[in-house]
Amino acid sequence: MKLLSTRTAVLMLLIVLFVLGLAAFNIRYFNSAFAWAHSHANRHYYKNGMLSVRGTVYDRNGDVLLMLDGESIEFNAEKDVRTAVMHVTGDREGSVSTGVLSALKGRLTGWNLFSGAYSFHKKSRSELTLTIDSGLCRAAYREMKGRKGAVGIYNYETGEIICLISSPSFDPQNPPDVEGNPEKYEGVYLNRFLSSAYTPGSIFKLVTAAAALENIPDIENKHYLCEGRIAIGPDSITCLKAHGRVSLQEALAVSCNTFFAGTALELGAETLQKYAEACGFNNSLEVDGIRTAAGKINLKNAVGADLGWAGAGQYTTTANPLNFMAFMGAIAGGGEMVRPRLIADDSSSFFDFKPGKKVLKRETADKLKAMMRNNTITSYGEEKFKDLELCAKSGTAEVGGGKEPHAWFAGFLDRKDCPLAFAVIIENGITSRAAADVAARVLQEAAKALKQGRNL
Ligand SMILES: [Zn+2]
């Protein structure tokens, strides 16, 4: 009996060890299998250290963006298109970490957790269709005219990103001497739309307005007298000029700093922080496995004029362009944010399915939408945005250090047939008009393409 129980105990111990070992292996496998399979030593996928797969990457209209044949990589036939979409495709050396060639290489190899590299051999040629329109990307890149910054446009109903460019860029077919021209190519490997965060300036007033609509009773019927300056303790908050008697809607249209500073003080740091986080700050988004940089807000120590300036978008707060574009999409979509995505034929997305996220109450979103429509009519000029039904907010963000301010323009089209939200940022663009001009031309181009029957 004693012998039997000893044997049973040993057997049980072995079983426990086996189960523990199996669990440990599975955890490691789930966490690291992708990296193991895509190690440069894996000769299924790599030859001489270069990704060696056969496949084609298309844009939404079937234009070839990228063709891989063993170690050879061919980009689009047109230089301007190659350059405009370079931050999406990536480059040969893999320096653009958010490009398809680096970030989505699992899609190109066809690798998955259950069949490993098996499907790669079975299919041997992978096809990947992206949601971007290469013609629109080319138009957007041209409009940047060599200035640093980024443009993004997405369909706020389907989440499809149709335009995504970052400037400066380069022709990946014939890479330039980046190190030899540090000023011209500063941050060229960075997709500024996905991976940067900038001072928001006045576009942040939309967040303050959202918080005010839900927390300050009867805010829409209140008026405030802007004298161009208010003193808060030893500091003061200033406007470019005295705006006179303004309502919330008028204050947003003329971008009155003192109104929004006063509003931020009335709301308090905690409430403003809560709304900023609900609107996407302090969060990064995932676009088909590519993580964006997070815009940051921390109002813990913001009191007096600091809190006032935060309400007007000038504090230590930063905004990521893609996240802000998604916030614009949420306002357009009645408070629900559809996540932006980049892959069109996403047949493997069963596990990745993410429902829309409620960001704002519908009533609040609709009120913001009406105010943003009013901004265009009374401040930005309807003529420039003819027939677009544009709802927008401009921003001029002071960056200090003797540098010119950044220019922002963000918003959406209130059109059922053209449900597009966008964000444009131009570094040191001086005035928001520069960003508004880029947005106007690219959005008109999008509307025209749609009229011509292009699938947007
Ligand atoms: Zn003012």
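Please pick out the residue among A312, A365 that is more than 30 Å from L104 (Cα to Cα), surrounded by fewer than 23 Cβ atoms within 10 Å (Cβ to Cβ), at pLDDT 95 or above and not hydroxyl-bearing (S, T, Y).
The unique qualifying residue is A365.
Pairs under 8 Å by beta carbon, first residue within 16 Å of H87 (Cα to Cα) and small (G, A, S) in region 175-192, partner in a loop (DSSP other than H, G, I, E, B) and open to solvent by 30 Å² or more (accessible area, probe 1.4 Å), six or more apart or different chains?
Listed by first residue and then by second, the contacts come to G187/K148.
Looking at this structure, is A212 more than 20 Å from T396 (Cα to Cα), within 16 Å of the ligand (Cβ to nearest atom), among the small types (G, A, S) and in a strand (DSSP E or B)?
no
Given the structure, is C256 within 8 Å of the ligand (Cβ to nearest atom) and open to solvent by less than 10 Å² (accessible area, probe 1.4 Å)?
So C256 passes the test.
Would you check which residues across region 315-337 are closer than 24 Å to D366 by Cβ and surrounded by fewer than 24 Cβ atoms within 10 Å (Cβ to Cβ) and list them?
Within region 315-337, G333, G334, G335, E336 meet the criteria.
Please work out which residue is nearest to the ligand (Cβ to nearest atom), limiting yourself to region 224-243 and to residues that are among the small types (G, A, S), touching a strand residue (DSSP E or B) at 6+ places or on another chain (Cβ under 7 Å) and open to solvent by 20 Å² or more (accessible area, probe 1.4 Å).
A242
Which of the numbered conditions does Q273 fail, given that it passes all the others? Conditions: (1) assigned to a helix (DSSP H, G or I); (2) within 16 Å of the ligand (Cβ to nearest atom); (3) over 23 Å from C391 (Cα atoms).
(2)
Which numbered condition trips up V16, out of (1) modelled with pLDDT of 90 or more; (2) open to solvent by less than 70 Å² (accessible area, probe 1.4 Å)?
Only one criterion is unmet by V16, namely (2).
Using the structure shown, decide if D218 is open to solvent by 10 Å² or more (accessible area, probe 1.4 Å), more than 11 Å from the ligand (Cβ to nearest atom), at positive phi and not β-branched (V, I, T).
For D218, the condition - open to solvent by 10 Å² or more (accessible area, probe 1.4 Å), more than 11 Å from the ligand (Cβ to nearest atom), at positive phi and not β-branched (V, I, T) - is met.
Evaluate the following for D352: is it modelled with pLDDT of 95 or more, open to solvent by 10 Å² or more (accessible area, probe 1.4 Å) and not basic (K, R)?
The answer is no for D352.
All but one of (1) part of a loop (DSSP other than H, G, I, E, B); (2) surrounded by fewer than 20 Cβ atoms within 10 Å (Cβ to Cβ) hold for G280, so report the exception by its number.
Of everything listed in (1) part of a loop (DSSP other than H, G, I, E, B); (2) surrounded by fewer than 20 Cβ atoms within 10 Å (Cβ to Cβ), G280 misses just condition (2).
Of all residues in region 362-410, which are part of a helix (DSSP H, G or I) and at positive phi?
Selection gives nothing.
I need a count of the residues in region 292-302 that are modelled with pLDDT of 95 or more and surrounded by fewer than 19 Cβ atoms within 10 Å (Cβ to Cβ).
Number satisfying all stated conditions: 3.
Only one of (1) touching a Gly at 6+ places or on another chain (Cβ under 9 Å); (2) not in a strand (DSSP E or B) fails for L225. Which number is that?
Of the numbered conditions (1) touching a Gly at 6+ places or on another chain (Cβ under 9 Å); (2) not in a strand (DSSP E or B), the odd one out for L225 is (2).
Output the number of residues of region 247-270 satisfying the condition of being assigned to a helix (DSSP H, G or I) and either of a type in the set (S, T, Y) or touching a strand residue (DSSP E or B) at 6+ places or on another chain (Cβ under 8 Å) (or both).
Qualifying residue count, region 247-270: 10.
Kindly indicate whether I237 is in contact with a Lys or Arg (Cβ under 8 Å, 6 or more places away or on another chain), modelled with pLDDT of 95 or more and in a helix (DSSP H, G or I).
For I237, the condition - in contact with a Lys or Arg (Cβ under 8 Å, 6 or more places away or on another chain), modelled with pLDDT of 95 or more and in a helix (DSSP H, G or I) - is not met.
Which of the residues spanning region 244-253 are within 30 Å of the chain's Cα centre (by Cα) and more than 10 Å from the ligand (Cβ to nearest atom)?
Residues satisfying the conditions are L248, Q249, L252, A253.
Please work out which one of (1) hydroxyl-bearing (S, T, Y); (2) on the phi > 0 side of the Ramachandran plot; (3) over 26 Å from the mean Cα position of the chain (by Cα) is the condition T263 fails and give its number.
(2)
Taking the conditions exactly as written (open to solvent by 40 Å² or more (accessible area, probe 1.4 Å), more than 9 Å from the ligand (Cβ to nearest atom), of a type outside the set (D, E) and under 17 Å from Y315 (Cβ atoms)), does G268 satisfy them or not?
When the stated conditions are applied, G268 does not pass them.
Which residue out of I377, I430 is surrounded by fewer than 21 Cβ atoms within 10 Å (Cβ to Cβ) and without any contact (Cβ under 8 Å) to a residue 12 or more places away in the chain?
On inspection, the qualifying residue turns out to be I377.
The values are calculated or read from the model by the stated rules, or taken from the named source; none is laboratory data. Remember, it's a predicted structure, so these values are computed and weren't measured experimentally. As a convention, Cβ positions derive from the backbone with ideal geometry for all residues, glycine included, and neighbour counts pool all protein chains shown. The accessibility values were calculated without ligands, DNA or RNA, using every heavy atom of the protein model including side chains. Shrake-Rupley method; radii C 1.70, N 1.55, O 1.52, S 1.80 Å.
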